[in-house]
Structures are given as structure tokens and as C-alpha cells.
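Accompanying notes for the structure given below.
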Amino acid sequence: MAIMITDECINCGACEPECPNTAIYEGGVQWNYSGGTKLNEIELEDGSTMDAKSPQEPVSDEFYYIVANKCTECMGFHEEPQCAAVCPVDCCVPDPDNVEEEDTLLAKKAWLHAE
């Protein structure tokens with residue numbers, strides 16, 4: 001399961017530097033797959049590929065957000081999600097729309113970091 005940031009976020013930014021996958025971005029900021037990972041190219045669902053440095057539209061324009069495809073809940077890095085551990089308003093919570101098992105999260109970590 002990925003973590004999500006709720007609209008209770010106060011935009012303090014404490015979570016962003018804690019993410020080992022660079023999956024957290026400030027509201028309105030474009031993101032990409034390559035930041036904080038070893039990815040160079042991404043294979044899309046239709047079989048085509050794209051440059052991992054290609055800018056992607058922000059998930060939120062209002063507050064910090066987490067890219068679910070890059071979130072591993074800190075599995076393989078820490079005992080618990082670090083964004084949730086440092087959030088002063090407890091707005092980093094499990095995302096019910098992105099439920100993943102531990103082995104899936106560890107496989108995602110391995111993919112992101114070319115392990």
C-alpha cells in the first residue's frame with residue numbers, strides 16, 4: 001500500500017527529504033521517475049517506453065503529494081514510512097486506493113533502485 005498525503009497537509013515540507021525514493025513533491029511541482037532512483041526508461045502499460053526524466057503532471061496543485069508508483073512505504077530502508085513518522089499533523093496515511101503486499105513493495109524498491 002502506498003502512503004498518501006491528505007488535504008490536512010500544512011505544506012511544512014518535513015516529509016519530502018525523508019523519502020528514500022524521492023516520491024514526495026511539493027504541490028504544483030512536476031515529478032519524474034528518475035529522481036531519487038536508478039531508472040532511465042519506463043515501460044508503459046501499452047508496451048511503449050518513455051524517458052524516466054520526462055516531467056509528469058503534479059498529482060496535487062495545493063499541497064505536498066506522494067507518487068504511488070514510487071512509494072514503497074520505506075520497505076527495505078526503514079521500519080516504518082518516514083513521511084508519516086515526521087509529519088506534525090499526521091496527514092501521511094495509507095492510501096486505500098493503492099494497497100500492495102510487502103513482497104510487491106520490495107519488488108518495487110528493487111525496480112526503482114536497479115537491485
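The values are calculated or read from the model by the stated rules, or taken from the named source; none is laboratory data. Keep in mind it's a predicted model, so treat the numbers as computed, not measured. With ideal geometry, Cβ positions are generated from the backbone for all residues, glycine too; neighbour counts draw on all protein chains shown. Note: areas computed on protein heavy atoms with side chains; ligands, DNA, RNA excluded. Shrake-Rupley method; radii C 1.70, N 1.55, O 1.52, S 1.80 Å.
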Which listed residue is under 20 Å from CYS12 (Cα atoms), among the β-branched types (Val, Ile, Thr), touching a Cys at 6+ places or on another chain (Cβ under 7 Å) and surrounded by fewer than 17 Cβ atoms within 10 Å (Cβ to Cβ), from VAL93, VAL86
VAL86
Note on ALA68: of the conditions (1) more than 14 Å from the chain's Cα centre (by Cα); (2) under 13 Å from ILE24 (Cα atoms); (3) among the hydrophobic types (A, V, I, L, M, F, W, C), unmet is (1)
Can you tell me which residue within segment 59-83, out of those that are more than 12 Å from ILE3 (Cβ to Cβ) and among the acidic types (Asp, Glu), is surrounded by the fewest Cβ atoms within 10 Å (Cβ to Cβ)?
GLU79
Given the criterion over 25 Å from ALA85 (Cβ atoms), within 14 Å of the chain's Cα centre (by Cα) and open to solvent by 80 Å² or more (accessible area, probe 1.4 Å), identify the matching residue among GLN56, GLN30.
GLN30
Give the residues of segment 5-24 that are surrounded by 16 or more Cβ atoms within 10 Å (Cβ to Cβ), out of contact with any helix residue (DSSP H, G or I) (no Cβ under 7 Å at 6 or more places or on another chain) and on the phi < 0 side of the Ramachandran plot, sorted by residue number.
ILE5, CYS9, GLU16, PRO20, ALA23
